[in-house]
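Have a look at the structure below, then the notes.
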Amino acid sequence: MVDCHIHSSFSPDSSEKIEDIVDYCIKNNIKTIGISDHYDFRNPDPLFSKGFDIDSYVSAIERVSKKMDLLKGIEIGYDPREIKKINALGNDENFDYSILSVHTIFDKNLHDEMFFRKDNIYEQFKVYFKHIRDMVDNVDEFQILGHLDYPSRYKDYLDMERVFNENKDTIADIFKILIMKEKVLEVNGAGLRYYHKEPNPSKNILTLYKDLGGKLISYGSDAHYKNYVGFGWETVSELLKNVGFLEAHYFKNKSVKCYNL
Ligand SMILES: [Zn+2]
Ligand SMILES: [Zn+2]
């Protein structure tokens, strides 16, 4: 297992030190991980929009990378007004890979009640998937599409089957672009901790990806605490095998590596 999606204290929503994450992994026999802290050029939450010093981040990872196989990643938050900067950061040779994620749309966060509300949620999911389709179309310099469909994890009342059926064509478009650009689809285990007990994306969506010829998958726990590193891996790998995937992937110096599920 290679967990490519782990946050440390460089993210405003984590206080875990990289050294402590590494010590936890060594203790638990986890061989390879990637640190992927949040970097947003714009975010309605000022804590997220101030970013961090890239050089300090890279050297903090490198300082402990002798202890284990530690990949240098970054999770870049998408905003259509910042495509140039996003491509430039995605292209930064300091990083083994970047995860491209949508956390905000039109200056609204997706996890609270600002963008998705009970009275508009099905319409807003259409906007959400189209936004991601535009993102993967507009941005070239990234390796992994982060946690597709993750806002569903916060909405216990959501009919996920309906969301899938109403957005199937847009999701198929997203996958056709990913496949054409040889990008990787992340399967994020954090969703398994929430009401729907599904990874992000859900099994229906992963099956569609497979049916369209998608092969490139990465796994991420989205851990913000060291104890969550590797969270959900057993369930995710079983589910992926059931859908028909044989391998998962990660990146070193932006070149793709694979391992058996
Ligand atoms: Zn994220
Ligand atoms: Zn994350």
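The values are calculated or read from the model by the stated rules, or taken from the named source; none is laboratory data. Source: prediction; values computed, not measured. With ideal geometry, Cβ positions are generated from the backbone for all residues, glycine too; neighbour counts draw on all protein chains shown. In case anyone asks, the SASA skips ligands and DNA or RNA and just uses the protein heavy atoms, side chains included. Shrake-Rupley method; radii C 1.70, N 1.55, O 1.52, S 1.80 Å.
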What list of ³J(HN,Hα) couplings, whole Hz, do you get for the stretch 93-105 from phi and the Karplus terms 6.51, -1.76, 1.60, once you set θ to phi - 60° and write x for glycine and proline? 6, 5, 9, 6, 6, 10, 9, 9, 9, 9, 10, 9, 9
Using only the Cα atoms of the stretch 189-261, build the gyration tensor, take square roots of its eigenvalues as a ≥ b ≥ c, and label the shape rounded, prolate or oblate: rounded if a/c is under 1.5, else prolate if a/b is larger than b/c, else oblate. oblate
Distance from the Cα centre of the stretch 214-261 to that of the stretch 121-141, in angstrom? 23 Å
Where the Cα atoms of the chain are projected onto their three principal axes, how long is each span, largest first, in whole Å? 48, 41, 33
Quick one: Cα centre-to-centre distance for the stretch 169-207 and the stretch 19-72, in angstrom? 24 Å
With the other protein chains left in place, how much accessible area per residue, in square angstrom, belongs to the stretch 54-155 at a 1.4 angstrom probe? 41 Å²
Rounded, prolate or oblate for the stretch 176-217? Axes are the square roots of the Cα gyration tensor eigenvalues, ordered a ≥ b ≥ c, and the cut-off for rounded is a/c under 1.5. prolate
Kindly write out, for the stretch 254-261 in residue order, the coupling ³J(HN,Hα) from the Karplus curve 6.51 cos²θ - 1.76 cosθ + 1.60 (θ = phi - 60°), rounded to whole Hz, with x marking Gly and Pro. 6, 10, 7, 10, 10, 9, 6, 6
Placing +1 at every Lys and Arg Cβ and -1 at every Asp and Glu Cβ, with all other atoms neutral, what dipole size does the chain have around its Cα centre, in debye to the nearest 20? 460 debye
Contact order relative to length for the stretch 2-260, counting C-alpha pairs under 8 Å separated by 6 or more residues, stands in percent at 20 percent
Sum up the charges of everything whose Cβ sits under 9 Å from the Cβ of residue 198, counting Lys and Arg as +1 and Asp and Glu as -1, but leave residue 198 out. +2
Run the 1.4 Å probe and let me know the accessible area of residue 10, rounded to the nearest 10 Å². 50 Å²
In the Gaussian network model of the chain, springs joining C-alpha atoms below 10 Å, which of 126, 168, 27 carries the largest mean-square fluctuation? 27
Which of the residue pairs 31/183; 85/254; 197/254 have a Cα-Cα distance greater than 29 Å in the structure shown? 197/254
Once the other residues with Cβ under 10 Å from the Cβ of residue 154 are scored (Lys, Arg +1; Asp, Glu -1), what is the net sum? -1
Considering only 180, 160, 202, whose Cα is most displaced toward the positive end of the charge dipole of the stretch 148-261, charges sitting on Cβ of Lys, Arg (+1) and Asp, Glu (-1)? 180
In the chain, taking the dipole from +1 charges on Lys and Arg beta carbons and -1 charges on Asp and Glu beta carbons about the Cα centre, the listed residue (109, 99, 54) farthest towards the positive end is 99
The stretch 2-260 - percent of accessible surface contributed by carbon and sulfur, probe 1.4 Å: 46 percent
Are there GluC sites (Glu not before Pro) in the stretch 105-165 that DSSP marks as loop and that have at most 14 other Cβ atoms within 10 Å, and which are they? 113
Looking only at the chain, where both bridge partners belong to it, what percent of the DSSP beta bridges are antiparallel (to the nearest 5)? 25 percent
Which percentage, to the nearest 5, of the DSSP beta bridges contained in the stretch 126-261 is antiparallel? 55 percent
What 222 nm value per residue comes from the helices of the chain, counting each DSSP H run with n ≥ 4 as -39,500 (n - 2.57) and dividing by all residues, nearest 500 deg cm²/dmol? -11000 deg cm²/dmol
